[in-house]
Amino acid sequence: TPDATISSSQHGIATGVLKVNDRLIIILDFERIVNDISPETGLKVHEIEALSSRERNNLPIYIAEDSALLLVLIKDSLEKAGYCNLNLSQNGQECWDKLEALRKAHPNNITDYVRCVITDIEMPLMDGHRLTKLIKDDEETKDIPVVIFSSLVNEEMRRKGEALGANAQLSKPEIGNL
């Protein structure tokens, strides 16, 4: 994860840094760049306003998203839609580690503590497809619904997500559907 010298959570465009053959490579926040260049192609947050005020829902939802901008937008949008028990992770590995800790703390009833996982596909450390596979291949977590919410959802990626057991897949501009 980039430190504050490269990227701040609110305004930066870097989501990761890695070293390959003595060279530093900065991974850019694609969604942030697209949204800055052409806001009308970004998340359609105005769709949430149509939901107006809804009854609060305290079901725990876990979100894995490496873009700081989108993580905040998804959180804000879900809160406007009535969801108030959100757990945020910056990548699939961080989310999986949290699920593993919950599973150890609450064996045989993790679904009381996680009702849904929303994940991006492309993230550092662990991508959303790997996270989905781990969740769906595990006997204790396989019944947790997984929603893939990514700008990479196309027919090929949709087939892969289905094969891994994703319950739903949405393209990032479709935040109203999320």
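Name the residues in segment 79-112 that are among the aliphatic types (A, V, I, L, M) and more than 12 Å from the chain's Cα centre (by Cα), would you?
Within segment 79-112, Ala81, Leu99, Ala101, Leu102, Ala105, Ile110 meet the criteria.
Any chance segment 38-57 includes a residue that's more than 18 Å from the chain's Cα centre (by Cα), modelled with pLDDT under 65 and open to solvent by less than 60 Å² (accessible area, probe 1.4 Å)?
Yes: one or more hits.
For every residue, the table says whether it meets (1) modelled with pLDDT under 80; (2) among the small types (Gly, Ala, Ser).
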site	(1), (2)
Asp3	yes, no
Gln10	yes, no
Gly16	yes, yes
Ile61	no, no
His106	no, no
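The values are calculated or read from the model by the stated rules, or taken from the named source; none is laboratory data. Bear in mind that the values here come from a model prediction, so they are computed numbers and not experimental data. Only protein heavy atoms, including side chains, enter the accessible area calculation; ligands, DNA and RNA are left aside. Shrake-Rupley method; radii C 1.70, N 1.55, O 1.52, S 1.80 Å.
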